[in-house]
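These notes are about the structure you will find just below.
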Amino acid sequence: MKADIHPEYRLVVFSDQSAGTSFLTRSTIATDDTIEWSDGNTYPLAKVEISSASHPFFTGTMKIVDTAGRVERFERRYGRRKGRE
């Protein structure tokens, strides 16, 4: 294997912004934020909008996550969805 071409594989905290949950796992994701975890150690923090804690497949509930006005832009182009009035 070539040296110095692989990203660092380390413990990272993923924080689900819509569900308010966090979990610690290993990843190679690059982040600038850090968080102090319950074990007292500081880990890199990756903020995500959807995880298994908020995804409709795992929760059984439908939830519209609007990022940067995508729903409004869609509704301006194609009209409002039925039941969302």
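Does GLY20 satisfy the criteria of being within 12 Å of the chain's Cα centre (by Cα), modelled with pLDDT of 75 or more and not hydroxyl-bearing (Ser, Thr, Tyr)?
Taking the combined requirement at face value, the residue satisfies it.
Being of a type in the set (Lys, Arg) and open to solvent by less than 60 Å² (accessible area, probe 1.4 Å) is the filter here, so list the residues in the range 10-40 that pass it.
ARG10, the sole residue that qualifies.
Hey, could you check the range 44-80 for residues that are basic (Lys, Arg) and under 29 Å from ARG26 (Cβ atoms) and say which is modelled with the lowest pLDDT?
Of everything passing the filter in the range 44-80, LYS63 is modelled with the lowest pLDDT.
Which ones in the range 41-57 are open to solvent by 50 Å² or more (accessible area, probe 1.4 Å) and either of a type in the set (Val, Ile, Thr) or in contact with a Gly (Cβ under 7 Å, 6 or more places away or on another chain) (or both)?
Hits for the range 41-57 are THR42, ILE50.
Inside the range 23-43, can you point out the residues that are in a loop (DSSP other than H, G, I, E, B) and either at pLDDT below 85 or aliphatic (A, V, I, L, M) (or both)?
Listed by number, the residues that qualify are ILE29, ALA30.
The values are calculated or read from the model by the stated rules, or taken from the named source; none is laboratory data. As the structure is a computational prediction, the values presented were derived from the model and not from experiment. Note that each Cβ is placed from the backbone with ideal geometry, even for glycine, and that neighbours are counted across all protein chains shown. Note: accessible area is taken over every heavy atom of the protein model, side chains too, but ligands, DNA and RNA are not part of it. Shrake-Rupley method; radii C 1.70, N 1.55, O 1.52, S 1.80 Å.
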